[in-house]
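Please read the structure below before turning to the comments.
What follows is calculated from the coordinates using simple rules that are stated; it is not laboratory data. Not measured: the values here are computed from a predicted model. Here the Cβ positions follow ideal geometry from the backbone for every residue, glycine too, while neighbour counts run over all protein chains shown.
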Amino acid sequence: MICSENTKARLFLTYLKDKTELFLYVKPHGTVGSHCIYRRSPGDAAMSLRIQALLDTAGVLRSELEIWILLYPPEIRTTTIYTPSNLSDAEIGQHIRERVLSNLPYFINYDWKRFMLRRRENGHGKDMVTVTFLGKNVLPRIRSLLNKDYPKVNFIGDGLQFLSVDETMIPQVRGKTYELVLPYDEVYYKAVFRSGIHFESVGLPHGCCSEFGSYKLEPEQVYLKFIRETTKLDLPLFQPLVPKAEWKETFLTPSAFPTWYIAHRSMEQSETINFSELFHSRKYEEKQKTKQDGDSPYFYL
């Protein structure tokens, strides 16, 4: 949830191919419940005015606002490799260059000198290393759009990491590898999880989703996809997760569904891959200019 007492609202900015989405969540206070406002707009120099219009409508001051930037493939890329546990950090970085970057489409468009990774013990002498890359132009683009509001940015990262399933609600996914599929305009986004840990995000263009087979996926929904090899349960391959009544009660335009769902899921998760510290760090930019070639290029979490 929004923890700071000084913060009254959270503004989610979503960057897509040809547009920007604004989703303002105003937290409940006193006897007044939460409410939200959604706008879709071009990403241009008028962004500050659009943000102010949202805040005026909701009765929120700029000083009471925090901003979250939600990114999706190809602006951000998350993937996972498995490495021997005895590798050093420098050797892990080399593995990422050889096994991830070499297979990454258009890798020249990613800022591969600045990425975040998480390293977890996987057993049997192996580590699971999850790495997240940013598009090369993402951070400059955010600064240019937000202008004087950029100090209010609290989060920049992969929005698909918030699709994980609550295992207490769906216990059949506990300890399993599963996928979440999110229809978003003409794209299907797929996030892969293992025991609730996010380890891959990918965007699938419309018309190239043969893996969905005979299942017709409705746009205002999120689908849990079971991987047959990991479960013997007799369950449908795709299961919708959002009760229709819950979505209808929001009274939002249909195009707001993906951001609405991810925004509410983000309120329940605290452990995230977050590039906002890099976004705010002037010292880091200065360090990069004087960095030696042998220095480690990544952020270790």
Go through 113/190; 216/244; 216/248; 190/216; 8/244 and tell me which ones have a Cα-Cα distance over 22 Å in this structure.
113/190; 8/244
Using a 10 angstrom Cβ neighbour count of at most 12 plus a DSSP loop assignment to flag exposed chymotrypsin sites (Phe, Trp or Tyr not before Pro), which longest range of the chain is free of such sites?
107-250
Fluctuation leader among 143, 265, 120 - the chain, Gaussian network, Cα springs under 10 angstrom
120
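Assign one of three labels to the range 72-173, namely rounded, prolate or oblate, based on the Cα gyration tensor with a ≥ b ≥ c the square roots of its eigenvalues; rounded applies when a/c is under 1.5, prolate when it is not and a/b is larger than b/c, and oblate otherwise. List each step's numbers first, then the result.
Details: a/c = 2.22, a/b = 1.27, b/c = 1.75.
Judged from the Cα gyration tensor, the range 72-173 comes out oblate (a/c at least 1.5, b/c at or above a/b).
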Given the -39500 (n - 2.57) contribution per DSSP H run of 4+ residues, what per-residue ellipticity at 222 nm results for the chain, rounded to the nearest 500 deg cm²/dmol?
-5500 deg cm²/dmol
Pseudo-spin-label distance residue 103 to residue 264, built 7 Å along Cα→Cβ, given in nm, is 3.6
At a Förster distance of 22 Å, what's the computed FRET efficiency of residue 90 paired with residue 113, Cβ-Cβ distance as r, to 0.05?
0.95
Once Lys and Arg get +1 and Asp and Glu get -1 on their Cβ, which of 221, 243, 188 lies farthest toward the positive end of the dipole of the chain?
188
Among 259, 24, 278 the positive-end extreme of the charge dipole of the chain (Cβ point charges):
278
May I ask you to compute the full-extension gain from residue 56 to residue 248, defined as 0.36 nm times their residue separation minus their alpha-carbon distance, rounded to one decimal in nm?
66.6 nm
Tell me whether the chain comes out rounded, prolate or oblate; compute the Cα gyration tensor, take square roots of the eigenvalues as a ≥ b ≥ c, and use a/c under 1.5 as the rounded threshold.
oblate
For labels at residue 137 and residue 169 in the simple 7 Å Cα→Cβ model, what's the distance in nm?
3.7
Among rounded, prolate and oblate, which fits the range 90-232 when a ≥ b ≥ c are the square roots of the eigenvalues of its C-alpha gyration tensor, a/c under 1.5 means rounded, and a/b larger than b/c means prolate?
oblate
Kindly state, to the nearest 0.05, the FRET efficiency for residue 29 paired with residue 63, given R0 = 22 Å and r defined as their beta-carbon distance.
0.90
